[in-house]
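The values are calculated or read from the model by the stated rules, or taken from the named source; none is laboratory data. Just so we're clear, the structure is a prediction, and the values are computed from it rather than from any experiment. Glycine gets a Cβ as well: all are built from the backbone with ideal geometry, and neighbour counts include every protein chain shown.
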Amino acid sequence: MNAEHVPRRVVVTGGCGFIGANLVRHLLASDPGLHICNIDLLTYAGNRQSTQDLESGGRYEFVRADIADETAMEQVFSDWRPDTVIHLAAESHVDRSIDGPKVFVHTNVQGTLVLLEAARAVWKGRTDVRFHHVSTDEVFGSLADGGRFSETTPYDPSSPYSASKAASDHLVRAWGRTYGLPYTISNCSNNYGPYQVPEKLIPLVLLRALRGEPLPVYGTGANVRDWLYVEDHCEAIDRIVRFATSGTTWLVGGSNERTNLDMVRAVCAGLDRLQPKSDGTYDQLITFVADRPGHDFRYAIDASRLERDLGWRAKHSLETGLERTIRWYLDHRAWTDAIVSGDYRQERLGLIGGTDV
């Protein structure tokens, strides 16, 4: 397979976040000729410790800045002269978007607009460049029991978060069609793995369980998500950036559908094996709470096009990925302690208490 695009100077936005930190590490490890500038504002979900060890290697630079700051982005793009942008920076928590939607529009919509314009100004019509936008399956809304999302599924966002991501997807496509900006887009299912901030389901359950605290689950826990180990997602992004034709959209999923309750129980079972309680089992801590507004029932991804056309396939089963994830959190308690001692203290995040996925 011949590469459509060969990245050499890459701007990654949100590279101190969960997926971003894993992606930065993946790109640097897999291509010794690649250099990365990581732009991150270091909000509560960004942790510089996740990539700080890379700063002395000569191929990685960190810039603390707001992607919606036009002057700052123009300066970074002018100084760095990237040939590739991989845009992950986003406000991503549904509960937070219900309580405070304005910041989601600011970062996810206005920030994407600023980045597109900064790239367009520097690239000046070049075609040997690539703007890759990382999005979510939540833009498609909710599925019934049957069917899966595909690249042709109509958009139907349910929350301020998913609406802001849908808007940013449309902006990227519009800049491609109107200005000829070379772009690709990927929409992925729920990620899990190392470096994930503990507002999300798996690390939240892990940390609360280890402290013997209640494990809140929305409603009956019957909502279904498709789970993807983050390293598999990073490999998919890399393949799309290098081998996908400009102007295309790709869905990335792990083909690992589980109910929220099943996932909580799986985390509890993993902890029972790896760090058992002195009395009883962790699933005894599960507590059901009132559901949140607009809680989509089911997400599921059809990633067959990505598998067929670009040769990507998830390498980790849910069982192997979850075990690696639990072990990582058990081995990196200093990392999680630093996060929960800062702005995020695992408080109720939205209008309804519970875990967000």
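A few notes on this one:
- Test for G321: is it at pLDDT 85 or above and of a type in the set (G, A, S): yes
- Of residues in segment 310-325 being assigned to a helix (DSSP H, G or I) and in contact with a strand residue (DSSP E or B) (Cβ under 9 Å, 6 or more places away or on another chain), the one surrounded by the fewest Cβ atoms within 10 Å (Cβ to Cβ): T320
- Considering residues of segment 131-162 that are without any contact (Cβ under 8 Å) to a residue 24 or more places away in the chain and of a type outside the set (D, E) only, the residue surrounded by the most Cβ atoms within 10 Å (Cβ to Cβ): P157
- Residue that is surrounded by fewer than 19 Cβ atoms within 10 Å (Cβ to Cβ), of a type in the set (K, R) and out of contact with any Ser or Thr (no Cβ under 7 Å at 6 or more places or on another chain), where the choices are R96, R126: R126
- Selected residue (criterion: surrounded by the most Cβ atoms within 10 Å (Cβ to Cβ)) from residues of segment 183-236 that are in contact with a strand residue (DSSP E or B) (Cβ under 8 Å, 6 or more places away or on another chain) and of a type in the set (F, W, Y): Y192
- Wholly enclosed strands (runs of 3 or more DSSP E) of segment 213-294 bearing at least 2 residues within 20 Å of the chain's Cα centre (by Cα), within 30 Å of V12 (Cβ to Cβ) and at pLDDT 95 or above: 224-229, 248-252
- Filtering segment 135-163 to residues that are closer than 19 Å to T184 by Cα, of a type in the set (S, T, N, Q) and in contact with a Lys or Arg (Cβ under 7 Å, 6 or more places away or on another chain) leaves S135, T136.
- Reported count of residues in segment 295-309, each being among the charged types (D, E, K, R), under 21 Å from the mean Cα position of the chain (by Cα) and part of a helix (DSSP H, G or I), is 2.
- Residue check for T112: crowded, with 22+ Cβ neighbours inside 10 Å and either of a type in the set (D, E, K, R) or in contact with a Leu (Cβ under 6 Å, 6 or more places away or on another chain) (or both): yes
- Among the residues of segment 163-201, those that are at pLDDT 95 or above, over 19 Å from W123 (Cα atoms), assigned to a helix (DSSP H, G or I) and under 18 Å from the mean Cα position of the chain (by Cα) comprise A163, S164, K165, A166, A167, S168, D169.
- When A269, A314, A300 are checked against the criterion of being without any contact (Cβ under 8 Å) to a residue 40 or more places away in the chain and aliphatic (A, V, I, L, M), a single residue qualifies: A269.
- Residue in segment 237-251 that is buried (at least 23 other Cβ atoms within 10 Å of the Cβ) and among the acidic types (D, E) present: no
- Among the residues of segment 17-38, none qualifies, meaning not one is farther than 15 Å from V241 by Cβ, touching a Lys or Arg at 6+ places or on another chain (Cβ under 7 Å) and surrounded by 14 or more Cβ atoms within 10 Å (Cβ to Cβ).
- Enumeration of residues in segment 81-92 that are in contact with a strand residue (DSSP E or B) (Cβ under 9 Å, 6 or more places away or on another chain) and farther than 21 Å from S246 by Cβ: A89, A90, S92
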